[in-house]
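Colleague: The structure under discussion is supplied below as structure tokens; questions concerning it will follow.
The values are calculated or read from the model by the stated rules, or taken from the named source; none is laboratory data. The structure presented is a predicted model; accordingly, all values stated were derived computationally and were not measured. Neighbour counts are summed over all protein chains in view; Cβ atoms, including those assigned to glycine, are modelled from backbone coordinates with ideal geometry. All accessible areas refer to the heavy atoms of the entire protein, side chains included, with ligands and DNA or RNA removed. Shrake-Rupley method; radii C 1.70, N 1.55, O 1.52, S 1.80 Å.
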Amino acid sequence: MRNFIYIISLLLLSNSAHATLNVFACEPEWAALTQQLAGDKASIYTATAALQDPHQVQARPSLIAKARSAQLLVCTGAELEVGWMPVVLQESANSRIQPGSSGHFEAAKYVTMLEVPTRLDRASGDVHAARNPHIQTDARNFLPIAEALGKRLIELDPANAAYYQQRLASFTQQWRAAIAKWEKQAAPLKGISVIVHHKGFPYLNDWLGLVEVAELEPKPGMEPSAAYLGKVLNDLQQHPARMVLRAAYQSERPSEWIAERAHVPAVMLPYTVGGTQQATDLFALFDDTIARLLAGLK
Ligand SMILES: [Zn+2]
């Protein structure tokens, strides 16, 4: 019996020595960033898949169960998760991850938001009523977010502070070098006019200098009718575009329809880690995004 207790206490000790932070990441890009910064100190669950519309997520029991044991929630915020997160938070009854607590991290709080309306108009069914939440398409945004997330990891797990500090410094250095490389590669994209399916790329456009001349959705989150697509096609005569962009999770039909008639390529972008076969991590996400945009110019 004494031996048994001894073994059990050893097991408990070794468990606590290798304790990992339970992280609940809302989208794949934040799971990938947390992985970069926390290495083997975190066990990360990703709530949504790359090929899922981030505006159309259901508060499934499996999400609630995962939220229950989470010590840190890493999400976009800016109302991207407004359709499911409030229910998950409430049902999880987990005080560690509620808004305002150190286990609640919203990436959008650390970057400059685009498309901030002067007047809120939710009645119209616009899923971007508050501001545009798709901040992950500008690589520069990952720098302040990584810094804030690194600090948060240290706050939650001070015993490993030096480890997180070192990983943040290393990520920041590599990421800055990658941004310089991407900006150089993307130089031919500056000033190029594009049509987008969903208003999912204002941050990418802002970064690389692409110019959005039309959207295929009448309002963000509203799929276009044939009549509406006809109108967009007609308007393109005044404002021609070089390509039609869509995120990997979206149907190819509206952009293929326009591409065929306007004689421009339809370009699918990974949008997040896992969106394409090539976008295997954060670095590959932007390598692939820029390669696909450049291919669209040819
Ligand atoms: Zn959106």
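Colleague: If you roll a 1.4 Å probe over the heavy atoms of the protein chains, what accessible area per residue do you get for the range 150-280, in Å²?
Modeller: 49
Colleague: Still on this structure, I have one more. Contact order normalised by length for the range 141-298, with contacts defined as Cα pairs under 8 Å and 6 or more residues apart; what percent is it?
Modeller: Once divided by the residue count of the range 141-298, the mean separation gives 17 percent.
Colleague: How would the range 84-160 be classified by its alpha-carbon gyration tensor: rounded, prolate or oblate, with rounded meaning a/c under 1.5 and the a/b versus b/c comparison settling the rest?
Modeller: oblate
Colleague: Take the alpha carbon atoms of the range 212-279, find their center, do the same for the range 126-189, and report the distance between the two centers in whole angstrom.
Modeller: Centre-to-centre (Cα) distance: 28 Å.
Colleague: Between Lys109 and Arg261, what is 0.36 nm times their sequence separation minus the Cα-Cα distance? Round to one decimal in nm.
Modeller: 50.7 nm
Colleague: Would the range 155-298 count as rounded, prolate or oblate if I go by the C-alpha gyration tensor, calling it rounded below 1.5 in a/c and otherwise prolate when a/b exceeds b/c, oblate otherwise?
Modeller: Because a/c hits 1.5 or more and a/b exceeds b/c, the range 155-298 counts as prolate.
Colleague: How big is the chain by Rg and Dmax over its Cα atoms, in Å?
Modeller: Final numbers for Rg and Dmax: 21.3, 85 Å.
Colleague: Still on this structure, I have one more. Please tell me which of these pairs span more than 21 angstrom C-alpha to C-alpha: Lys184/Lys298; Lys41/Lys151; Lys151/Lys184; Lys151/Lys181?
Modeller: Numbers: Lys184/Lys298 18 Å; Lys41/Lys151 14 Å; Lys151/Lys184 31 Å; Lys151/Lys181 27 Å.
Violating the 21 Å Cα-Cα cut-off are Lys151/Lys184; Lys151/Lys181.
Colleague: Right, something else. Measure off, as a whole percent, the carbon and sulfur share of the 1.4 Å-probe accessible area of the chain, all protein chains present.
Modeller: Answer for the chain is 54 percent, counting heavy atoms of protein chains only.
Colleague: If you wrap a convex hull around the alpha carbons of the range 226-281, what volume per residue comes out, as a whole number of Å³?
Modeller: On the way: hull volume 4.6 nm³, N = 56.
It comes to 83 Å³ per residue, whole-number rounded.
Colleague: For Cα pairs less than 8 Å apart in space and 6+ apart in sequence, what is the mean separation divided by the residue count of the range 84-151, i.e. the relative contact order in percent?
Modeller: 26
Colleague: Follow-up. In terms of the Cα gyration tensor, with a ≥ b ≥ c the square roots of its eigenvalues, is the range 15-72 rounded because a/c is under 1.5, prolate because a/b exceeds b/c, or oblate?
Modeller: Oblate, since a/c reaches 1.5 and b/c is not below a/b.
Colleague: Right, here's the next one. Projecting each Cα onto the charge dipole of the chain (Lys/Arg +1, Asp/Glu -1 at the beta carbon, about the Cα centre), which of Val116, Gln174, Ala186 comes out farthest on the positive side?
Modeller: Gln174
Colleague: Just grab the label-to-label distance for Ser69 and Met222, each label 7 Å out from Cα along the Cβ direction, in nm (one decimal).
Modeller: Inter-label distance under the simple model: 4.3 nm.
Colleague: Out of every Cα pair in the range 103-214, what percent are spaced more than 23 Å from each other? Working shown, then result.
Modeller: Numbers: 2706 of 6216 pairs.
Value for the range 103-214 (Cα pairs over 23 Å): 44 percent.
Colleague: Percent relative contact order of the chain, based on C-alpha pairs within less than 8 angstrom and at least six residues apart?
Modeller: Numbers: 490 pairs, mean separation 45.9, N = 298.
Relative contact order of the chain: 15 percent.
Colleague: Given the DSSP H assignment, sum -39500 (n - 2.57) over each helix run of at least 4 residues in the chain and divide by its residue total; what's the result at 222 nm in deg cm²/dmol, nearest 500?
Modeller: -13500 deg cm²/dmol
Colleague: If you don't mind, there's one more thing I want to ask. Could you name the lysines whose alpha carbon sits less than 19 Å from that of Lys231, not counting residues in the same chain fewer than 8 places away?
Modeller: Hits, sequence-local ones excluded: Lys199, Lys219.
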